[in-house]
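Here's the structure we're looking at; comments come further down.
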């Protein structure tokens with residue numbers, strides 16, 4: 001395991017944004033990052049997974065104003081490989097994986113820098129998602145996979161967590177010299193990839209910290225995203241992709257087997273609930289297929 005404390009070492013942060021056909025929200029994302037620039041931010045790498053909209057023109061426009069922004073073409077094979085390509089070309093010693101539909105709030109990087117200087121290996125931001133209700137009204141809700149491990153959402157006190165969520169995760173690049181970020185056992189979009197990474201890192205003694213002062217707003221966007229993910233992303237009317245359920249059950253079998261019975265019940269009920277909302281009973285088949293396949297997967 002590498003050097004724990006970085007107080008005497010300069011931090012250089014590489015933000016990696018995989019994107020696909022989301023020119024409008026990406027524009028807001030980049031504009032916000034520019035606004036809250038800090039000396040520790042070395043580069044912003046946009047990995048365009050072969051978009052067919054104006055993503056290239058958007059990135060070019062903002063890179064002319066903010067030279068830290070870099071543009072590269074992905075393989076067109078989904079978010080998981082786009083992230084990996086960004087990591088490979090990054091030059092910072094701290095990596096941030098940032099979803100293209102999440103918008104940083106205020107000085108979101110400054111508290112992250114403080115955590116790394118105090119000994120964190122992986123830092124998770126606080127993700128707030130907009131839930132669209134009737135008409136144009138919206139409300140905000142906390143969105144976090146490990147929410148039951150966080151003692152007080154209203155507190156600004158950071159705390160250690162056993163694993164991280166998908167969006168806005170920072171980690172020391174030195175960790176991937178020992179542990180691959182990518183988990184080859186996950187399929188398609190790599191749903192749960194950062195969770196797998198943090199759990200594997202924990203097994204090696206690395207520490208994950210939840211930093212509530214670093215906030216991201218998650219925008220609900222109905223189009224674009226990873227080609228392997230949803231076609232319709234509206235809450236509770238989205239499709240039930242095989243990879244979400246396969247990857248979730250696989251991760252729980254591998255790292256949290258004692259939680260599996262409750263998890264199986266929850267995900268099966270969710271599948272039936274979504275099929276009722278969508279009025280398409282056959283829509284549960286991909287999800288059930290994912291669950292069954294994961295239960296038969298050999299744990300390595």
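The values are calculated or read from the model by the stated rules, or taken from the named source; none is laboratory data. Fair warning: this is a prediction, and the values are worked out from it, not measured in the lab. Cβ placement follows ideal geometry from the backbone for every residue including glycine, while neighbour counts extend to all protein chains displayed.
Data overview
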quantity: Any hit, region 130-141, residues being surrounded by fewer than 22 Cβ atoms within 10 Å (Cβ to Cβ), at pLDDT below 90, over 18 Å from the mean Cα position of the chain (by Cα) and over 19 Å from residue 218 (Cβ atoms); calculated: yes
quantity: Yes/no for residue 273 being assigned to a helix (DSSP H, G or I) and either within 30 Å of residue 36 (Cα to Cα) or modelled with pLDDT of 85 or more (or both); calculated: yes
quantity: Among the candidates 187, 176, residue that is at pLDDT 75 or above, touching a helix residue (DSSP H, G or I) at 6+ places or on another chain (Cβ under 9 Å), under 25 Å from residue 19 (Cα atoms) and not in a loop (DSSP other than H, G, I, E, B); calculated: 176
quantity: Breaking point among (1) within 16 Å of the chain's Cα centre (by Cα); (2) touching a residue at least 40 places away in the same chain (Cβ under 8 Å), for residue 85; calculated: (2)
quantity: Residue match in region 97-110 (condition: in a helix (DSSP H, G or I) and buried (at least 16 other Cβ atoms within 10 Å of the Cβ)); calculated: yes
quantity: Given (1) buried (at least 20 other Cβ atoms within 10 Å of the Cβ); (2) at pLDDT below 95; (3) not in a loop (DSSP other than H, G, I, E, B), index of the condition residue 59 fails; calculated: (2)
